[in-house]
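These notes are about the structure you will find just below.
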Amino acid sequence: MIDCDVHNAVASDSALLPYLSARWRRHLEQVGSRTFSPFTRGHAYPKAARFASRHDAWPPSGGLPGSDLEFMRAQLLDAYDVEYAVLNCLYRAPEQRNADFGAALAAAVNDWQVEHWLGRDARLRASLTVPFEFPDLAAAEIERAAAHPGFVQVLLYPRTSAPLGRRHYRPIFEAACRAGLPVGIHAASTTPGPITASGWPSYYIEDHTGLAVAFQAQLISLIFEGVFDRFPDLRVVLMEGGFAWVPALMARLDALQERLGDEVPDLAHPPSYYLRHHVRITTQPMEEPERPGDLVPLLREIGQEVLMFSSDYPHWDFENPHRAFRTRVPADLHQRIMVDNARAQYRFTS
Amino acid sequence: MSGPPGSRGVVVAAADEIPVGGRKIVEVDGRSIGVFHLPDGYVALRTTCPHESAPLCEGILTGAITSPGPGRYHYDRRGEILRCPWHRWEFDVRNGRSWTDPDRVRVRSYPVTTDGGPVVVHV
Ligand code: FES
């Protein structure tokens with residue numbers, strides 16, 4: 001089994017100090033984190049569970065869930081016989097209002113990942129943390145850090161200050177393609193603006209549900225701004241945004257393009273083409289239809305190459321790889337989702 | 001005192017071993033079972049969550065929130081609702097039934113007797 005979304009946590013800010021210059025160490029200690037989000041310490045919405053984590057994922061060693069590799073081995077890597085796990089560290093480097101501080105923190109997170117994770121377990125791979133609201137700095141970090149073979153993807157969040165297709169983000173896609181890495185977009189409830197297209201809602205349940213809409217907005221933007229036409233090698237991975245919405249959205253976009261396509265005549269293919277050829281989607285949170293068997297036609301409709309299994313360990317909505325589908329998925333499709341699609345997508349061996 | 005006919009009693013804890021409000025997770029015939037000491041006696045449930053097999057009996061014991069209408073709510077059944085450590089499905093610890101879907105989802109529960117002595121689960 002290949003797990004395409006696992007979270008390793010920076011146990012505390014002090015863990016990053018060895019990777020920061022004296023200038024930014026001082027900044028971290030004296031000024032600290034100041035993010036685009038309205039709250040400097042917590043998130044705008046309290047998570048369903050402490051640190052958004054499984055109740056049983058707090059390591060006996062006392063740190064945060066996801067901060068103890070030994071415990072991660074016991075609860076995930078060994079327990080489920082994981083062949084490769086892709087780490088997505090959600091430390092709040094990319095959200096810093098101070099651009100240079102954010103860039104320094106991102107580099108520190110990446111160097112810390114090399115030493116404490118990639119260097120300690122051959123099954124681990126990681127996503128690159130980059131200050132994506134400052135695309136030139138993000139591109140520079142990709143250039144600097146992507147050489148390490150343990151990094152298999154560039155990490156962005158779905159709630160950006162503008163849709164990712166806007167040309168100002170191009171340096172990120174350019175650098176990712178140059179490095180031969182896919183760009184992964186992972187759910188995060190942080191944002192420079194209101195979290196829905198209609199403003200700020202009241203509850204975490206709205207925040208969590210609304211993520212799917214943010215992913216759709218990014219996908220629509222990437223397609224119609226021509227990002228995939230401009231970067232034919234670009235691969236994008238959507239992580240933790242659900243997938244039941246995909247067939248409906250693609251059918252709608254294909255139909256609309258036939259009627260409104262004159263506005264975007266440069267588009268080389270129907271919108272659904274880009275989904276199948278450029279986009280991959282991780283499974284967690286698994287859709288759980290009223291009749292579990294309805295899942296299989298949905299998986300087939302999305303396309304057998306598109307979905308890749310993810311557990312989201314150690315977060316509260318973790319998926320048990322043996323129980324995630326709750327229905328019998330045909331063996332060939334199951335094999336693609338659990339192993340083959342991820343293997344084709346990521347440079348696990350190089 | 002014996003359990004239901006056909007069942008087999010297994011001693012799982014000494015008389016004063018589990019404090020009120022506490023629990024003990026035991027292994028019986030390869031099955032993991034959680035034994036809970038409520039203020040008025042003991043209950044026991046299969047540890048494995050019927051959803052995705054999390055260790056349900058390691059979850060927190062909480063209460064039930066009910067609401068007769070907007071803006072009004074009641075918090076009762078304190079310490080009797082077991083919440084799964086993963087996706088937070090909630091179960092009535094007294095009978096193993098799901099709080100939200102009691103007819104379709106339940107976890108196996110086992111009778112417990114003490115007879116003034118050690119704690120016995122009937123499987
Ligand atoms: S495994 Fe218990 S709620 Fe999902």
Exercise. In whole percent, what relative contact order does region A:231-350 give with Cα contacts below 8 Å and a gap of six or more residues?
Worked result: 26
Exercise. What is the Cα centroid distance between region A:89-106 and region B:1-35, reported in whole angstrom?
Worked result: 52
Exercise. How many angstrom lie between the C-alpha centres of region A:28-66 and region A:156-173?
Worked result: 25
Exercise. Picking from A:ALA197, A:ALA145, A:HIS322, whose Cα lies most toward the positive end of the charge dipole for chain A (charges on Cβ: Lys, Arg +1; Asp, Glu -1)?
Worked result: A:ALA145
Problem set entry | Between B and A, accessible area buried - total, square angstrom, nearest 100, 1.4 angstrom probe | 1300
For this session: Determine the share of region A:124-188's accessible area contributed by carbon and sulfur atoms, expressed in whole percent, with a 1.4 angstrom probe.
Result: 53
Problem set entry | Computed over region A:2-346: relative contact order in percent, which uses C-alpha pairs under 8 Å that are six or more apart | 19
For this session: Heads up, I need the accessible area for A:ASP262: 1.4 angstrom probe, whole protein in place, Å², nearest 10.
Result: 140
Problem set entry | Relative contact order (%) - region B:1-112, alpha-carbon pairs under 8 angstrom, separation at least six | 20
For this session: Counting only DSSP beta bridges with both residues in region A:2-346, tell me the antiparallel percent, nearest 5.
Result: 10
For this session: State the answer as a single residue: which of B:VAL12, B:GLY79, B:PRO102 lies farthest towards the positive end of the charge dipole of chain B, with beta carbon charges of +1 for Lys and Arg and -1 for Asp and Glu, about the Cα centre.
Result: B:PRO102
Exercise. Where does the longest stretch of chain A lie that holds no chymotrypsin sites (Phe, Trp or Tyr not before Pro) found in a DSSP loop with 14 or fewer other Cβ atoms within 10 Å?
Worked result: A:40-202
For this session: Could you pull out every residue, at least 5 positions away or on a different chain, whose amide H is within less than 5 Å of the one on A:ILE185? Hs are placed 1.01 Å off N in the peptide plane, and Pro or chain starts have none.
Result: A:LEU156, A:VAL237, A:LEU238, A:MET239
For this session: Please identify, among A:LEU76, A:LEU181, A:LEU105, the residue showing maximal mean-square fluctuation in a Gaussian network model of chain A using a 10 angstrom Cα cutoff.
Result: A:LEU76
Exercise. How many Å² of accessible area per residue for region A:224-350, probe 1.4 Å?
Worked result: 47
Problem set entry | C-alpha center-to-center spacing [region A:183-237, region B:69-96] in angstrom | 34
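The values are calculated or read from the model by the stated rules, or taken from the named source; none is laboratory data. Computed from a predicted model, the values in this text were never measured in an experiment. Quick reminder, even Gly has a Cβ in these numbers, built from the backbone with ideal geometry, and neighbours come from all protein chains shown. Only protein heavy atoms, including side chains, enter the accessible area calculation; ligands, DNA and RNA are left aside. Shrake-Rupley method; radii C 1.70, N 1.55, O 1.52, S 1.80 Å.
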